[in-house]
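Inspection log for the structure reproduced underneath, given as structure tokens.
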Amino acid sequence: MALSNGAIADALEELGDLYELDGAIVHRVLAYRTAARRVREATVSVSALASEGRATELPGIGATLQEKIQALQQTGTIPATAKLRAKFPPGLIEITRLPGIGAKRARLLYDELGVDSPQALREAALAQRVRDVRGLGPKFEENALKALERAEETPGGDGGGRARLLLPQALELGEALVRGLSEAAIAGAGAGSAGSGARRGARKQSAATEVVLAGSARRMADSVKDIDLIAVTTRPVALARSLAKLPEVESVQSASASGARGRLHVGVGVDLRIGKPKELGNLLQHFTGSGAHNAALREGAVREGLHVSEHGVLNDAEGKTRTYSSEEEVYGALKLAYIEPELRENRGELQAAHAQWRRHLRSSAHASRLSESGLPRLIEQSDVRGDLHMHTVASDGHATIAEMAKAAREMGYEYVAITDHSASHGFGNDVSPDELRAQIERVREVDASLEGIRVLAGSEVNILPDGSLDYEDELLAELDWVVASVHTAFGVGERAMTERVVRAIEHPLVDAIGHPTGRLIERREPYEIDLPTVFAAAAKAGTLLEINANPDRRDLSDVHAREAVRAGVKIVIDSDAHRPATLQNMRWGIATARRAWITKEDVANTRPWDELDRLRKGSAGSASSSGGKGSAV
């Protein structure tokens, strides 16, 4: 039988959980979890691939896993799963999926207290029996109760399939759907004619059909719950029906002249809205959203005697509805300057756009679309001059110093900082103090031999629970750049975490705080920390705060980054790359910054290195050129 990718992934995840409960070796457990992730993220039908014996084409899927998928298709279950289910209570699997617990702790609770369901866990925690289990304690008990509460607030959110896509995958899928629909429109037009007439018809149809990605993906949000597409065409029914033929689409529930709705193999919905070419601006503005932006837009329009929707702008005085082919015209009709998609969250952008529109109206000068006095002139990726957070084979990276530096040079950067993890990070190689000294020498050698880019010696230093750093100051002073980050002991509580980070901020040799809230989008909530206090301390000390551009992090978030800039903090946007290809992560950091209303001037690494160097606390502006911070004092 045909199974959805989500159903196959759920089955593989369950088998991995059961193996871990049963004490299987870690490599077997990881193999099933990796396979589940690959299946869930696949954009084509894994069930169809397995039926053809081609599931092994997917990374992480070998012959043994393919056989298990085939057994699941044929019988509705995997034999190994059935055997392991008989060994454990059904509720135990539910406990493994609660955040912060996992299979090892679930098995420990089962063995020590007989906890075999979420309800049994709640009863044990309320009776304060969980804290007495070896290796757990009162904090774990408190967090277990919070996890149970969150699970009740979000039914079905305990592992029943991924509900959202991170932005990179959403954009990749959305762009593939746009291409597929556009190609289908051209092919359909060509099939409707013959000879030279067919070629003319194809050109005409191509010109008359336009497909555009909209929704939260166009606003560059952290994650996306569905894919929104806008199309204008003279053949709406044919275009709507073509959605079901695309390889990324699992099923289509409805298709008509107004659009189509379906579900993708990755487990999220797709919504195609279709209109006439003259309505493109109205459709794109409305379906880009956000809902809060559009609601505020409608309220403001009503005060002007206007009614705005995806169908056009109705003027009460004229009794006419006007449609527009561009968003600029839609906003102009509402007495607003054009608002970039990333800003459309009802965070003051409408008031700023109206003020800018009024100023432009009074001025005869040809002002730019985004001016200093209204909406911000948002940062562009081309504004970035260097990347100050990346890793090599010295810690947990996958390339050498020279390989990373050359790739950065190809991106047009003027400087990079090599910032491998420090000794107590706990992942990858252990960069001892002696190894860091050797790394500094390697960086100096590459810097001297490589033309066209400055290569700086740095480190991503772990902030220990008491706020100290895990290298001595004498060694840190030899570096050109220090990023300090929290990687361990996330559950210390708000007060302790705030004091911990503030102490690192105030350290005279720390240049920036990396991924300041520790969040992993859709996977881990930020740790408890008083950010206003952190922002005030960073502004006072002159310590930069990072927007980490890894798409799993985007930390600081757009909301927090805007608050930080308002508090007087300078931002640094870094890729946190672990291989040359992930230097391209910078795109997601720029997207976050744009959503935060951030300009080029707000970001330190839009400056040449010598100018950025002078911004740093205690720097005389010559540290890197003369061999480290120690020479600058």
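Coordinate-derived values only; no laboratory data. Here the structure is a predicted model, which means the values were calculated and not measured. With ideal geometry, Cβ positions are generated from the backbone for all residues, glycine too; neighbour counts draw on all protein chains shown.
Two numbers describe the Cα atoms of the range 5-153: Rg and Dmax, which are 17.1, 54 Å.
Tell me, in nm to one decimal, what length is gained between K225 and K276 on full extension, where the rule is 0.36 nm per residue of separation less the Cα-Cα distance?
Residue separation times 0.36 nm, minus the Cα-Cα distance, leaves 15.7 nm.
Where does the Debye-calculated log10 I(q)/I(0) of the range 460-600 sit at q = 0.12, 0.17, 0.19, 0.20 Å⁻¹, using only Cα point scatterers of equal weight, no solvent? Calculated log10 I(q)/I(0) at the listed q: -0.43, -0.90, -1.13, -1.25. Computed with the Debye formula from one identical point scatterer per Cα of the range 381-632, without solvent, the log10 of I(q)/I(0) at q = 0.09 Å⁻¹ comes to -0.32. Each part gets one Cα centre, and for the range 52-123 versus the range 554-596 those centres are 37 Å apart.
The calculated FRET efficiency for L450 paired with L361, based on their beta-carbon distance and R0 = 45 Å, is about 0.30. Here the Kirkwood formula, the inverse mean of 1/r across different C-alpha pairs, assigns the range 356-509 a hydrodynamic radius of 17.9 Å.
Kirkwood hydrodynamic radius of the range 455-504 from all distinct Cα pairs, in Å?
Mean inverse Cα-Cα distance, inverted, gives 11.5 Å.
Percentage of Cα-Cα pair distances in the range 281-362 greater than 17 Å, rounded to whole percent? Summing the P(r) tail past 17 Å for the range 281-362 gives 40 percent.
Filter K406/K570; K139/K540; K225/K406; K146/K617 down to the pairs with a C-alpha to C-alpha distance above 29 Å, please. Result: K139/K540; K225/K406; K146/K617 exceed 29 Å. In the chain, the DSSP-assigned H stretches of four residues or longer account for a calculated mean residue ellipticity at 222 nm of -13000 deg cm²/dmol, using -39500 (n - 2.57) per stretch and the full residue count as denominator.
Test of the criteria: in the range 466-557, which trypsin sites (Lys or Arg not before Pro) are in a DSSP loop and have at most 16 other Cβ atoms within 10 angstrom of their Cβ?
R523
For E310, the shell of other residues with beta-carbons less than 10 Å away shows a net charge of 0, using +1 for Lys and Arg and -1 for Asp and Glu. Placing dummy labels 7 Å off each Cα toward the beta-carbon, the span from A63 to S258 is 5.4 nm. Please go through the range 52-104 and write out the trypsin sites (Lys or Arg not before Pro) that DSSP classes as loop and that have at most 10 other C-beta atoms within 10 Å. When the trypsin sites (Lys or Arg not before Pro) of the range 52-104 are filtered for loop state and at most 10 Cβ neighbours within 10 Å, K87 remain. From least to most packed, judged by other beta carbons within 10 angstrom and beginning with the fewest, T209, T517, T43 follow the order T43, T517, T209. Alpha carbon centre of the range 310-331 versus the range 372-406: separation in Å? Here the two parts' Cα centres lie 42 Å apart. For K68, the lysines whose Cα comes closer than 25 Å to its Cα, not counting residues fewer than 8 places off in the same chain, are K83, K87, K104.
Sparse packing (at most 14 other Cβ atoms within 10 Å of the Cβ) combined with a DSSP loop state is found for the following GluC sites (Glu not before Pro) in the range 514-572: E522.
With Cα atoms as the point set, the chain shows a radius of gyration and Dmax of 27.5, 82 Å.
A simple count of charges around S242, restricted to other residues whose Cβ falls under 10 Å of its Cβ and scoring Lys, Arg +1 and Asp, Glu -1, yields +2. Charge tally for P79 (other residues, Cβ to Cβ under 13 Å; Lys, Arg +1; Asp, Glu -1): +2.
Fully extending the segment from V302 to A82 would add 73.1 nm, taking 0.36 nm per residue of separation and subtracting the current Cα-Cα distance.
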